[in-house]
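The values are calculated or read from the model by the stated rules, or taken from the named source; none is laboratory data. Since we're looking at a predicted model, the values are computed, not measured. With ideal geometry, Cβ positions are generated from the backbone for all residues, glycine too; neighbour counts draw on all protein chains shown. Ligands, DNA and RNA are stripped out before the accessible areas are found, and what is left, the full protein with its side chains, is counted by its heavy atoms. Shrake-Rupley method; radii C 1.70, N 1.55, O 1.52, S 1.80 Å.
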Amino acid sequence: MRSLGFGSYNARWRLHSKIASTVLREFASPNKPTTEKIIMMEAEKLTEYFLENTHTPFDPHEEIFLAVGSVVYQICCGMDKDCRNDKGYLNLIKNTKMMQEFAGAGNPIDVMPWLRYVIPSKATRFVEILQTLMVSTDAIMKEHIETFDEKNLRDVADGLIFAEKKYCRNPTKNQEITKSDIFSTLQDFLGAGFDTSSSTLEWIILYLGHYQHIQEKIQKEIDSVIGTRSVSLDDIGKLPFTEATILETQRISPVVPIGIPHATSKDTVLRNYRINRGTVVLCNFYGTTRDSKVWKDPEIFKPERFLNDLGFINSSLENELLTFGAGRRRCPGDFIAKMELFLFLVNIFQKCKIKLISEANFEGIFGLTYSPRSYTIKVFERWKVVSLFVVGFFSRLTTVDN
């Protein structure tokens with residue numbers, strides 16, 4: 001099996017990337033009403049959980065992970081599933097957490113491959129966890145193969161089966177791509193979609209829970225543009241400060257601080273350094289977000305930096321943000337993450353006022369992703385907050401009159 005995420009860049013990889021992008025857009029395009037429906041359903045479930053727990057402070061990590069993960073799972077493995085009672089989903093959650101815990105200790109073998117001979121136990125454990133994840137995705141693919149109907153493609157897994165039948169019948173013509181190559185794409189999608197978006201949403205809630213004035217500015221924008229109706233993807237572009245806050249969170253706390261290890265495809269020279277073909281290369285995305293030549297006061301959380309003089313998103317500055325990578329290796333699912341973060345954020349803060357209870361700590365944990373440390377929030381229902389303010393205001397007026 002040659003993974004899309006870790007595979008060598010060549011003609012076969014380019015075909016694999018084309019297949020992956022085509023299948024993903026077929027079942028998760030912003031133009032597909034089912035995509036918006038799935039995201040909104042999970043965003044509303046998460047918001048309901050917040051509002052059901054206004055009586056006591058809590059850590060939102062687990063529910064955010066379940067809700068965001070459910071979106072990508074349904075797109076990939078079956079629409080309208082009750083994921084929280086789905087055995088396949090719960091197994092995937094369990095195995096993903098195992099990978100998170102392992103990566104949380106760091107994997108120096110990524111940087112120094114020769115260490116696999118010095119600390120073979122670490123390399124062996126990594127392979128074992130990968131194999132466990134593969135068992136989970138293989139079970140999903142097996143179930144889909146048994147019920148596959150090419151006239152009724154249901155989800156990404158079905159799309160990959162259809163692609164395998166199309167491209168693997170003539171391997172010589174199609175860059176020797178195999179069934180294992182194509183089916184491994186499901187693991188790439190699930191692995192990339194679970195942790196990255198959920199960690200970003202956790203960072204957003206942490207920052208807005210601490211910076212109340214920014215939260216209030218977002219809510220004022222939501223109130224003036226959307227009011228009490230449900231948010232939709234048509235609202236993207238109408239809430240520039242809200243969108244700038246998402247971008248600023250991705251800049252100051254990039255969930256993928258160091259890119260996936262790749263290798264040079266030919267001998268090259270970069271800034272007088274000779275780099276031989278096949279050298280492992282990692283991109284320091286964290287460093288690019290702290291470059292003072294691009295970002296003024298890079299250590300300060302300042303969403304307005306992404307707005308131009310007219311109050312709209314500054315697209316040239318947005319392009320400096322390498323959240324999803326760049327070039328041919330750019331994440332093919334970036335459009336899903338953008339939809340998720342927008343709809344989740346607006347849905348939550350339209351209805352909830354959130355206050356950070358624990359001490360603000362913006363030093364994250366470097367693991368599978370760069371995620372925030374555990375924190376505690378207190379949620380207030382916004383409409384009740386407004387109602388109590390109005391009642392209190394008129395009560396004071398009555399007291400004065402008397």
I'd like the full set of residues that are open to solvent by 60 Å² or more (accessible area, probe 1.4 Å) and modelled with pLDDT under 95, limited to the range 154-184.
154, 165, 166, 169, 170, 172, 173, 175, 176, 179, 180
Would you mind finding the one in 202, 221, 216 that is over 26 Å from residue 32 (Cβ atoms), open to solvent by 80 Å² or more (accessible area, probe 1.4 Å) and not small (Gly, Ala, Ser)?
216
In the range 133-153, residue nearest to residue 98 (Cα to Cα) [restricted to those that are open to solvent by 20 Å² or more (accessible area, probe 1.4 Å) and in contact with a Phe, Trp or Tyr (Cβ under 7 Å, 6 or more places away or on another chain)]
153
Residue that is surrounded by the fewest Cβ atoms within 10 Å (Cβ to Cβ) [pool: residues in the range 1-36 that are in a helix (DSSP H, G or I) and hydroxyl-bearing (Ser, Thr, Tyr)]
22
Among the numbered conditions (1) open to solvent by 20 Å² or more (accessible area, probe 1.4 Å); (2) out of contact with any His (no Cβ under 8 Å at 6 or more places or on another chain), tell me where residue 280 comes up short.
(2)
Has the range 348-362 got at least one residue that is closer than 23 Å to residue 30 by Cβ, surrounded by 17 or more Cβ atoms within 10 Å (Cβ to Cβ) and touching a Leu at 6+ places or on another chain (Cβ under 8 Å)?
yes
Report yes if residue 6 is among the aromatic types (Phe, Trp, Tyr) and closer than 18 Å to residue 156 by Cα, otherwise no.
no
Enumeration of residues in the range 234-257 that are among the aliphatic types (A, V, I, L, M) and either buried (at least 17 other Cβ atoms within 10 Å of the Cβ) or free of Cβ contacts under 8 Å to residues at least 40 places away in the same chain (or both):
239, 244, 246, 247, 252, 255, 256
